[in-house]
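**Q** One structure follows; several queries about it will come next.
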Protein chains: 2
Amino acid sequence: MAVQPLLIDGAWRAAQELRGSFRAEDPSSGEAIGAAFPICGEADVRAALAAAVAVADALAAVPVERIAAFLDAYADAIDADVDTLVALAHAETALPKEPRLAKVELPRASGQLRQAAQAVRQYSWTHPVIDTAAGLRSHYAPLGKPVLILGPNNFPFAFNAIAGSDFASAIAARNPVIAKAHPSHPATSERLAQLAHTALLQTGLPPASVQMLYQFEHSLGAALAGNPQLGAIGFTGSRAGGLALKAAADTVGVPVYVELSSVNPVFLLPGVLAERAASLAQEFFASCTMGSGQFCTSPGIVVVPAGAAGDAFVDAASKHFAAAAPNVLFSGAVLEHLQRGVATLRAAGAECLAGGASAGPGYRYQPTLLSVDAAQFLREPRALQTEAFGPVSLVLRAADVSQMAELARAFEGNLTGTLYRAQDGSDDDAWRQIAHALRPRVGRLINNKMPTGVAVSPAMNHGGPYPSTGHPGFTAVGMPAAIRRFAALHCYDNVPESQLPADLRDHNPGAIARLIDGVWRVNDLNGPTT
Amino acid sequence: MAVQPLLIDGAWRAAQELRGSFRAEDPSSGEAIGAAFPICGEADVRAALAAAVAVADALAAVPVERIAAFLDAYADAIDADVDTLVALAHAETALPKEPRLAKVELPRASGQLRQAAQAVRQYSWTHPVIDTAAGLRSHYAPLGKPVLILGPNNFPFAFNAIAGSDFASAIAARNPVIAKAHPSHPATSERLAQLAHTALLQTGLPPASVQMLYQFEHSLGAALAGNPQLGAIGFTGSRAGGLALKAAADTVGVPVYVELSSVNPVFLLPGVLAERAASLAQEFFASCTMGSGQFCTSPGIVVVPAGAAGDAFVDAASKHFAAAAPNVLFSGAVLEHLQRGVATLRAAGAECLAGGASAGPGYRYQPTLLSVDAAQFLREPRALQTEAFGPVSLVLRAADVSQMAELARAFEGNLTGTLYRAQDGSDDDAWRQIAHALRPRVGRLINNKMPTGVAVSPAMNHGGPYPSTGHPGFTAVGMPAAIRRFAALHCYDNVPESQLPADLRDHNPGAIARLIDGVWRVNDLNGPTT
């Protein structure tokens, strides 16, 4: 069987060192589908790195309008190819074509590329700072080195290594990208790479600015991550995989942005449970099983007080979980990981209220609700925070609000933390107490809604304290902040104006927002202040 | 002999687990001076960590005005104590009392604390972003965990672990600080800690917000750095020490900001050498020997073209170096490190043009100029970039401008890179070519001045690509940017206005600059745009 080519150094070409091949699977049947994709070898990884290194300076010097034009052209090409892309992604992931793939995720991906283009045109990510008295001007600038991006299984478009937020961010900062597709959706990734490649050629960016590899051995991945010629790494996926990459990158000082695991605790306060336990159970179940629960922000833990209102919620939620058909997961690997996770939770004392078993055909698992009392959680906090990636959540039954706050303090770093409270104000004191405990442990503090929506907004934080990510100061979603991950701070000291980058010059025709002598201004350096 | 106490949990107290003691030395004589300071044990380190962890939430919740009041009160106390502080620092470091210690560094330290206070009052470091349509508001916030700061030997005030830029930044972000003094100036550090402690009590901050340890075994330092209860680490010092801390911190996801080593290449272009080789030689010599060359940004490499003008510079510089008296270094450890560095450079082919030997009494070393040709440098780039911390610089003789650019591309990450060019415009093309190659490899690109001045400015970047620091996106100097190192990104999603932090509320009485729906504004959320 023929094996698909790699995109290396501006051309589609066969792997130089083919170590094997793999095919995608239809997760709903477990059957192999589509073409065979290459497991490449060291020669290919080296070739991609060398080509990216060689093009880095040229890409950093490309006029920003051309970068923005590429991002827009690529976004347009994705939108125009919606039928083919959605068909491929549906076949490879079993995610629903509508609304999820066609109406939500694909527009999210193209919209994200356009937001990156806008950030490029407006220089909103470069944060220019000028100190006229000291003769200093600084801004964020390209790394001048390639960015390696490894995408996750759960968003074939919006977090794809060659189309998602990391990709848009790294290119917006004018860094070459080496994308490693997730092996569960290679044909979708290939199609996107073809569109990206065409857009590169159309807009005249250096052709090696975007390269695509599919699969290689873990040891090669670690060697690549530990190569100081890399400028940075973006990774979204499992904790084990991310930590292995981070360890390799850390030894050579390569900044590595890993989005790892998160259980996203949800606290349901006594008053809101009294007001609407049944509707909360419905809302919670929908959030847990959206995308078969395969979301970074899926509510993996829900904290519910003891007593009748809590019982009503747990009973209603259990019924939803028990009545639901098994959910299709992305792959056998996801299913195995989920089974191990559930086993860990049960071994640590969690009791199964509904679901708890896999099913066929393909890779299916029953929506599963587990429960454990707070005292047991506090005895085994590590094991009971194990992420069971899939349609699984763990109910923690707390004695009272004070124990809920104690639980909040026992959580590891998470992407999100959520509190629901009553309309009548009866939960307000409890809300404050728990929110205070939760705040330093989560990236996004959410009130009265489930965590599974992640808006692409400048004010979003899709990040959080370790181990949800590797650094609490960065977000993986939201322009322009996400771009800063792939940027270096550059200062110019006593450098003549003619030799400065456009956003640091006196004349500011694009009305870039700049911090000049302590004041944000959008006009020329010597123009009137507003 | 009595041993000085530690500042732990808000009180001066004897080490619980005394492992030994040490005294400072007068570097000009090598004689031990002053009191004995404790080498503490694990119990003390644990006690400091526990106290800092216990106070972190409370400090994060302190009104910002009180944080600013502490920083100002501490700055005032430092200014008022100038005679004592300068006398102590002079005795321990042999740095000149005037102008360096009394007129430059001490005012720099107190000024930096006041700039941090101003950043706190103006919220200029929190970068509030509001998306009204999405219901999202985000900003930078305290880590909610302690920051460990390890200061260097070379700035007893301005980078002191308990008074310098890292300290001011971590406190401004409302994180407790565990300061580890540099053992070469313990009495200076103790005096500063006393002033800080008094200012804490005066302004009502939690007393455990600032703690002081002097010395402990490396293994204890690594264990502390690898403790996930820490929020971040700030380190300035040697590459070996910094990398050991970084390795420990990386394994548990503790953000670690290390400022390591830098040779700060200076390029003298042909035209400027023809115009003023002699004055450049004087300027260069002064920069190399300022503070006995013990600056992070000391020009450790100077690139000079072949030919008569280059020869004139090298001859004149050599004479300055040869005529100068030996410089006093901070300690025997610095002297040993310098001797090893020079030996490495010589072993890699560098020839000694002037100096090259140590001298007594105390810890002295001759201002030393070495030289090597560019071809040899390109054969041994690692060894010939060894930092020889002290009054030592290496001349690289390049065949032509094109080889100068090749050298620029061969440099590791540096804090600074400098180019000097002619007034008559004859160097402009060469400047552009070399600056382009140097730009991605340095944090600060400098034109026509030596790198040894580091202004405390919002537009400063005292940072650079690895291995000059551990992350190219952060600066260790300059408010408010330096504060962001010790901050977490916090997002509020659908959270009622009454529960938001002050800088994210609708009403904006302090005229904080905020990015609201894509526009920087300083007024209320619902007020008129300006």
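**Q** Copy-to-copy spacing for residue B:379, label 7 Å out on the Cα-to-C-beta vector, in nm, shortest first?
**A** For residue B:379, the other copies' label points sit at 7.0 nm, shortest first.
**Q** If each residue's Cβ is checked for other Cβ atoms within 10 Å, how do B:485, B:346 rank with the fewest at the top? Working shown, then result.
**A** On the way: B:485 26, B:346 15.
The order, fewest Cβ neighbours first, is B:346, B:485.
**Q** A further question follows. Return the subset of A:180/A:246; A:97/A:449; A:103/A:449; A:103/A:319 for which the Cα-Cα distance in this structure is over 27 Å, preserving the input order. Kindly include the intermediate steps, with their values, before the conclusion.
**A** Working: A:180/A:246 16 Å; A:97/A:449 25 Å; A:103/A:449 22 Å; A:103/A:319 30 Å.
Checking Cα-Cα distances, A:103/A:319 exceed 27 Å.
**Q** Treating the beta-carbon of each Lys and Arg as +1 and of each Asp and Glu as -1, no other charges, what is the dipole magnitude of the protein assembly as shown about its Cα centre, to the nearest 20 debye?
**A** Details: 76 positive and 90 negative charges, 59 e Å.
Dipole about the Cα centre, nearest 20: 280 debye.
**Q** Right, here's the next one. Spin-label point model (7 Å from Cα, Cβ direction): what's the residue A:523 to residue A:424 distance in nm?
**A** In this crude label model, residue A:523 to residue A:424 measures out at 5.7 nm.
**Q** Calculate the dipole size of chain B relative to its Cα centre from +1 charges on Lys and Arg beta carbons and -1 charges on Asp and Glu beta carbons; express the result in debye to the nearest 20. Working shown, then result.
**A** Numbers: 38 positive and 45 negative charges, 50 e Å.
Charge dipole, chain B, about its Cα centre: 240 debye, nearest 20.
**Q** Can you work out the FRET efficiency for the pair residue B:375 and residue B:239, with r the C-beta to C-beta distance and R0 = 22 Å, to the nearest 0.05? Show your work: numbers first, answer last.
**A** On the way: r = 26 Å, r/R0 = 1.20.
So the FRET efficiency works out to roughly 0.25.
**Q** Using Cα atoms only, what is the angle between the long axis of helix B:239-250 and the major principal axis of chain B, expressed in degrees (0 to 90) to the nearest 10?
**A** Value to nearest ten degrees: 30.
**Q** On a full-extension model of 0.36 nm per residue, what is the gain between residue B:87 and residue B:222, subtracting their alpha-carbon distance, rounded to one decimal in nm?
**A** Working it through step by step, the gained length comes to 45.3 nm.
**Q** State, to one decimal in nm, how far the label point of residue A:359 lies from the label point of residue A:279, with both points 7 Å from Cα in the Cβ direction.
**A** 2.9 nm
**Q** Okay, next question. Suppose only helical runs count, i.e. DSSP H with n ≥ 4. What mean residue ellipticity at 222 nm does that imply for chain A under -39500 (n - 2.57) per run, divided by all residues and rounded to the nearest 500 deg cm²/dmol? Write out the running numbers ahead of the final one.
**A** Values: 14 runs with 190 residues, N = 530.
The helix-only estimate for chain A comes to -11500 deg cm²/dmol at 222 nm.
**Q** If amide H atoms are built 1.01 Å from N in the plane of the peptide, which residues on other chains or at least 5 residues away come under 5 Å of the amide H of residue B:236?
**A** B:150, B:259
**Q** In degrees from 0 to 90, rounded to the nearest 10, what is the angle of the helix A:64-80 Cα long axis to the longest principal axis of chain A?
**A** Result, in degrees: 50.
**Q** Could you work out how far apart the two model spin labels at residue A:229 and residue A:58 are, taking each label as a point 7 Å from the Cα in the direction of the beta carbon, and quote it in nm?
**A** With each label placed 7 Å out from Cα toward Cβ, I get 1.6 nm.
**Q** Further, regarding this structure: Counting other beta carbons within 10 Å of each residue's own, what order do A:98, A:336, A:387 fall into, fewest first?
**A** Details: A:98 10, A:336 13, A:387 25.
So the ranking, lowest neighbour count to highest, is A:98, A:336, A:387.
**Q** Once you keep just the Cα pairs under 8 angstrom separated by 6 or more residues, what percentage relative contact order results for region B:454-504?
**A** Working: 48 pairs, mean separation 13.3, N = 51.
After rounding, I find 26 percent.
**Q** Sticking with this structure for a sec: Nearest 5 is fine: what % of DSSP beta bridges in the protein assembly as shown come out antiparallel, could you say?
**A** Values: 66 of 154 bridges.
Roughly 45 percent of the DSSP beta bridges within the protein assembly as shown come out antiparallel.
**Q** Label-to-label distances across copies for residue A:111, with labels 7 Å out along Cα→Cβ, in nm, shortest first?
**A** 4.8
**Q** Dipole magnitude of region B:266-447 about its Cα centre, charges +1 at Lys/Arg Cβ and -1 at Asp/Glu Cβ only, in debye to the nearest 20? List each step's numbers first, then the result.
**A** Working: 14 positive and 16 negative charges, 97 e Å.
With only Lys, Arg, Asp and Glu charged at Cβ, the dipole is about 460 debye.
**Q** Of B:398, B:345, B:308, whose Cα points farthest to the positive end of the dipole of region B:266-447 (charges on the beta-carbon: +1 Lys, Arg; -1 Asp, Glu; origin at the Cα centre)?
**A** Of the listed residues, the answer is B:345.
**Q** Sort B:55, A:266, B:522 so that the residue with the fewest other Cβ atoms within 10 Å of its own Cβ comes first and the one with the most comes last. If you can, show how the numbers build up before the last one.
**A** Details: B:55 23, A:266 27, B:522 15.
Ranked by crowding around the Cβ, least crowded first: B:522, B:55, A:266.
**Q** Using +1 at the C-beta of Lys and Arg and -1 at the C-beta of Asp and Glu, which of A:223, A:11, A:186 has the Cα lying farthest in the positive direction of the dipole of chain A?
**A** A:223
**Q** Oh, and also: Give me the net charge for the shell around residue A:19: Cβ to Cβ below 11 angstrom, other residues only, Lys and Arg +1, Asp and Glu -1.
**A** Working: positive: none; negative: A:17, A:42, A:44, A:217.
So the surrounding residues net to -4.
**Q** Which one of A:363, A:89, A:413 has its Cα pushed farthest toward the positive end of the charge dipole of chain A, where Lys and Arg give +1 and Asp and Glu give -1 at the Cβ?
**A** A:413
**Q** Give the peptides B:423-429, A:431-437 in descending order of average Cβ contacts within 10 Å, highest first. Don't jump to the answer; show the numbers that get you there.
**A** Details: B:423-429: 14.3, A:431-437: 19.7.
Averaged packing, sorted descending, gives the order A:431-437, B:423-429.
**Q** Where the label is 7 Å out from Cα toward Cβ, how close does residue B:65 come to the same position in every other copy, in nm, shortest first?
**A** 5.1
**Q** Taking 0.36 nm per residue of sequence separation and subtracting the Cα-Cα distance, how much length would be gained by fully extending the chain between residue A:2 and residue A:50, in nm to one decimal? Can you show the working numbers first?
**A** Working: separation 48, 0.36 × 48 = 17.28 nm, distance 2.64 nm.
Residue separation times 0.36 nm, minus the Cα-Cα distance, leaves 14.6 nm.
**Q** Could you tell me the calculated FRET efficiency between residue A:306 and residue A:16, based on Cβ-Cβ distance and R0 = 56 angstrom, to the nearest 0.05?
**A** Given R0 = 56 Å and the Cβ-Cβ separation, E is 0.35.
**Q** Do you know the relative contact order of chain B, to the nearest whole percent, from alpha carbon pairs under 8 angstrom that are 6+ apart?
**A** Values: 1244 pairs, mean separation 89.5, N = 530.
Dividing the mean separation by the residue count of chain B yields 17 percent.
**Q** So what is the relative contact order for region A:60-182, in percent, with contacts set as C-alpha pairs under 8 Å and at least six apart?
**A** Numbers: 174 pairs, mean separation 34.3, N = 123.
The value is 28 percent.
**Q** Quick one: which residues, 5 or more positions from residue B:442 or on another chain, have an amide H under 5 Å from its amide H? H modelled 1.01 Å from N in the peptide plane, none for Pro or chain starts.
**A** It is B:414, by chain and number.
**Q** Students often get this wrong: which residues of region B:221-261 have the backbone nitrogen under 17 Å from the point 7 angstrom along Cα-to-C-beta of residue B:336?
**A** Counting backbone N atoms under 17 Å from the label point, the list is B:238-242.
**Q** Another question about this same structure. Using only Cα atoms and rounding to the nearest 10 degrees, what angle (0 to 90) does helix B:270-289 make with the longest principal axis of chain B?
**A** 60 degrees
Taken together, the values in this text are just the output of simple stated rules run on the coordinates, not laboratory data. Computed from a prediction, not measured in an experiment: that's the story for all the values here. Here the Cβ is made from the backbone with ideal geometry for all residues, glycine too, and neighbour counts use every protein chain on show.
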